[in-house]
Amino acid sequence: MSEYGCKVCRVLDEYGMERYEEQLLEQWQADASQRKGYRQLAEWFNTLMLRREMDRAGLSTLGDEAESKYERLQSDEAVAAEVATELENAGIPINTLRDDFVSYGVIRTHLKECLESDVDLSSGDWEQNAIEISRDHATTKIEEAVRSLRNKGQLTAGGDVSISVTVELECENCHARVPFDRALRREYICRCDD
């Protein structure tokens, strides 16, 4: 891609984060048990940007402070607005920063097209990757729908709402149901054939 044809390339340069590109790639190409998916990488990258801006503004980033603020910036509008105001008052250009946050699709494009990299999925990992991408996409769409319903007053909650999408597998013979992750870990859905 041409210079700044990619949002990640622009952000890496503008935020002085070039040294993190190798770390991004390493986390994506790690062993299957340690590998981060596109969504996790996007959250890591965005939190890293926020942490750098908080450091520059003199705000504490000890512990999980940056992660916590990033999560709250992604939550319902009232909480996100409160955190955004707090950060803006500390001197962080929050609107620009939020515009610079990247999606998992942008991370995927950067890894595959800009870095011309891939993950070796020959060992059967492509299946897990496909399920993860589908789960991430479903989570994003559900988050958007829930946020819209809350904004319309059709759905209420006392606090933040987190979305969890679970893929379950069911044996048509015995009707045993098990989460995909557990079935994969133990290498079976059921034992009704035994």
> What relative contact order, as a whole-number percentage, does the stretch 127-179 give when Cα pairs under 8 Å and 6 or more residues apart are counted?
Replying inline: 29 percent
> So what does the Cα-only Debye profile of the stretch 97-194 read at q = 0.16, 0.18, 0.24 Å⁻¹, as log10 I(q)/I(0), no solvent term?
Replying inline: -0.95, -1.04, -1.25
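Is the shape of the stretch 26-83 rounded, prolate or oblate, going by the alpha carbon gyration tensor and its root eigenvalues a ≥ b ≥ c, with a/c under 1.5 for rounded and a/b larger than b/c for prolate?
Working: a/c = 2.93, a/b = 1.65, b/c = 1.78.
The shape class here is oblate.
Over the stretch 14-77, what is the mean sequence separation of C-alpha contacts under 8 Å (at least six apart), divided by residue count, expressed as relative contact order in percent?
Details: 27 pairs, mean separation 13.5, N = 64.
So the answer I get is 21 percent.
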>> For the chain, what does the helix formula give at 222 nm: sum of -39500 (n - 2.57) over DSSP H segments with n ≥ 4, over the residue count, nearest 500 deg cm²/dmol?
In response: -17000 deg cm²/dmol
> Probe 1.4 Å, all protein chains in place: accessible area of D55 in Å², nearest 10?
Replying inline: 80 Å²
> Could you sort T139, T96 by accessible area so the largest value comes first, with the probe set to 1.4 Å?
Replying inline: T96, T139
> Given [x] 0.93; [y] 1.03; [z] 0.97 as candidate values of Rg/Rh (Cα atoms, Kirkwood Rh), which corresponds to the one derived from the coordinates?
Replying inline: [y]
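Return the carbon/sulfur percentage of the accessible area of the chain, one whole number, probe 1.4 Å, all protein chains in place. Kindly include the intermediate steps, with their values, before the conclusion.
Values: 5250 of 11760 Å².
That fraction is 45 percent.
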>> Starting from the Kirkwood Rh over alpha-carbon pairs, what translational D in µm² s⁻¹ does the stretch 27-139 have by Stokes-Einstein at 25 °C and 0.890 mPa s?
In response: 158 µm²/s
> Whole-Hz Karplus ³J(HN,Hα) for the stretch 43-50, in order, using 6.51 cos²θ - 1.76 cosθ + 1.60 and θ = phi - 60°, x for Gly and Pro?
Replying inline: 5, 4, 5, 5, 5, 4, 4, 4
> Once you measure Cβ to Cβ distances between cysteines in the chain, which Cys have no partner under 4.7 Å?
Replying inline: C114
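Stretched out fully, how many nm does the piece from E65 to Y188 gain, at 0.36 nm a residue minus the Cα gap?
Going from the current span to full extension adds 40.3 nm.
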>> Using a probe radius of 1.4 Å on heavy atoms only, what accessible surface per residue do you get for the stretch 11-109? Whole Å² is fine.
In response: 51 Å²
> Got a sec? What order do K69, K112, K152, K141 fall in by accessible area at 1.4 Å, biggest, i.e. largest, first?
Replying inline: K152, K141, K112, K69
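Can you give the charge dipole size of the chain about its Cα centre, rounded to the nearest 20 debye, using +1 on the beta carbon of Lys and Arg and -1 on the beta carbon of Asp and Glu? Write out the running numbers ahead of the final one.
On the way: 24 positive and 40 negative charges, 97 e Å.
So the dipole magnitude of the chain works out to roughly 460 debye.
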>> How much accessible area per residue does the stretch 122-194 have, counting only protein heavy atoms and a probe of 1.4 Å, in square angstrom?
In response: 73 Å²
> What length, rounded to one decimal in nm, is gained on full extension from T96 through to Y20, with 0.36 nm per residue of separation minus their alpha-carbon distance?
Replying inline: 25.3 nm
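Could you tell me the relative contact order of the chain? Use alpha-carbon pairs under 8 Å, at least six residues apart, and round to a whole percent. Walk me through the numbers before you get to the answer.
Values: 149 pairs, mean separation 36.8, N = 194.
The normalised contact order for the chain reaches 19 percent.
The values are calculated or read from the model by the stated rules, or taken from the named source; none is laboratory data. The shown structure was predicted, so the numbers you read here are calculated from the model rather than taken from an experiment. Please note: Cβ atoms are built from the backbone with ideal geometry, for glycine as well, and neighbour counts cover all protein chains shown. All accessible areas refer to the heavy atoms of the entire protein, side chains included, with ligands and DNA or RNA removed. Shrake-Rupley method; radii C 1.70, N 1.55, O 1.52, S 1.80 Å.
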